[in-house]
Amino acid sequence: MPISEFANSFVCDLVAYEPGKPIEETARELGLDPSSIVKVASNENPLGPSPLAKEAMRDAIDLAHIYPDGGGFKLRTAIAEKLGFDISNIVLGNGSNEIIELLCHTFLNRDAELIAAKHAFVVYKLMATLFGAKYVEVDDPDFIHDLNAMADAITENTRLVFIANPNNPTGTQVTQEAIDRFVDRLPAHTIAVFDEAYFEFLDTPPDVLKHVHAGKNVIVLRTCSKIHGLAALRIGYGIAPKPIADLLQKARQPFNTNALAQAAALAALNDADHIEKTREVNRQGLAFYEKAFAERGMNFVPSVANFILVEVGDGDRVFKEMLKQGVIVRAMSGYKLPGWVRISIGTAAENARALEVLDSVR
Ligand SMILES: *Cc1c(COP(=O)(O)O)cnc(C)c1O
């Protein structure tokens, strides 16, 4: 008998997450110079890491032989102070993706249900599947999460409801009013997870933390991977009422976030200059694409994040054709959007190149 017969069936059945295609891999396969490749596939920061974070990492290198502070005291204290919480409300993760996993470890089993929107970030579905739970998908008309319908879908078995705000890959945001109404409807056995990976890009950011303050069954996830440009370091955090945060602390590995990442995140958190520059580059890039797509009569979803979804006919073909010319975008067939690609906002030069290559293949 093959060994897979002895494995958990929900692991065998899993379709693994397909990340944006790496630059090195593309260069190798196509015989291109890595420095000539434009990767606009994973919503990374086109300006690079926060300079303050780079400096902090250089300082931290000398202590690389010492285990990190597993409790992340300095970083959690800084996050708590910045957001007006107690350190006991802050949970660190190896990327905010790890906190998604910790939530599933803590609250899912084979009888549990997890609710997310039809075009939500796919990691929610992967995690529900990995933990053998039932994944419940709710329609999102016009690519916007329908929080009323999501609340209607809650049953006695629902443990987690994921709301990516703004959502990836759609780039859309839900209103404060919809959030407040939704939180009011949460039963005692269900936690709302507000994934705010792109929060810092928003011109009209929602206030979900007030619900955490009020002790509601709400957790907010943030990450250093996007605005701070630290995706390679794998660090993110959650803000939750103490009873939820305490459980997640039990579920994590003792040293889940590394010392370089903690030092970098601490410095990046208050690098106002880098944050503002990134927001400005993003604002200009979004405007560039929206104007270009409108001029070409292309269908796109207006975005408040650092990427944009555009309809191109055959997304897989356009992805492959663009790849051959050294521009990596993200095909969306895995998101039930086979006709679309998602393009991350880059520098002005990267955006111009991506558009030129897109024009040449569509
Ligand atoms: C990019 C992203 C994250 C961040 O993941 P990390 O593990 O922190 O790198 C989380 N949620 C969504 C919806 C994202 O798009």
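The values are calculated or read from the model by the stated rules, or taken from the named source; none is laboratory data. A quick note: this is a predicted structure, and the numbers were derived from the prediction, not measured. Every residue, glycine among them, receives a Cβ derived from its backbone with ideal geometry; neighbour counts consider all protein chains shown. Remember, those area values only see protein heavy atoms, side chains included, never the ligands or the DNA or RNA. Shrake-Rupley method; radii C 1.70, N 1.55, O 1.52, S 1.80 Å.
Condition check ((1) over 15 Å from the mean Cα position of the chain (by Cα); (2) more than 27 Å from residue 149 (Cβ to Cβ)) across all residues:
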{"site": "164", "(1), (2)": "no, no"}
{"site": "175", "(1), (2)": "yes, no"}
{"site": "230", "(1), (2)": "no, yes"}
{"site": "245", "(1), (2)": "yes, yes"}
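If I ask for residues that are part of a helix (DSSP H, G or I), more than 16 Å from the ligand (Cβ to nearest atom) and open to solvent by less than 70 Å² (accessible area, probe 1.4 Å), which ones from the range 38-71 would you list?
Within the range 38-71, 56, 57, 60 qualify.
Would you check which residues across the range 157-213 are among the hydrophobic types (A, V, I, L, M, F, W, C), within 16 Å of the ligand (Cβ to nearest atom) and assigned to a loop (DSSP other than H, G, I, E, B) and list them?
174, 197, 202, 208
In the set 242, 226, which member is within 11 Å of the ligand (Cβ to nearest atom), open to solvent by 10 Å² or more (accessible area, probe 1.4 Å) and out of contact with any Lys or Arg (no Cβ under 7 Å at 6 or more places or on another chain)?
226
Pull up the range 105-125, narrow it to residues that are within 12 Å of the ligand (Cβ to nearest atom) and of a type in the set (A, V, I, L, M, F, W, C), then point me to the one that is surrounded by the most Cβ atoms within 10 Å (Cβ to Cβ).
116
Only one of 221, 233 is within 13 Å of the ligand (Cβ to nearest atom) and open to solvent by 10 Å² or more (accessible area, probe 1.4 Å); which?
The match here is 233.
Output the residues belonging to the range 126-147 that are open to solvent by 40 Å² or more (accessible area, probe 1.4 Å) and either outside the structural domain of residue 163 (by TED's automatic domain parsing) or in a strand (DSSP E or B) (or both).
The answer is 134, 135, 137.
Among the residues of the range 9-16, is there at least one that is outside the structural domain of residue 255 (by TED's automatic domain parsing), within 16 Å of the ligand (Cβ to nearest atom) and at pLDDT below 95?
yes
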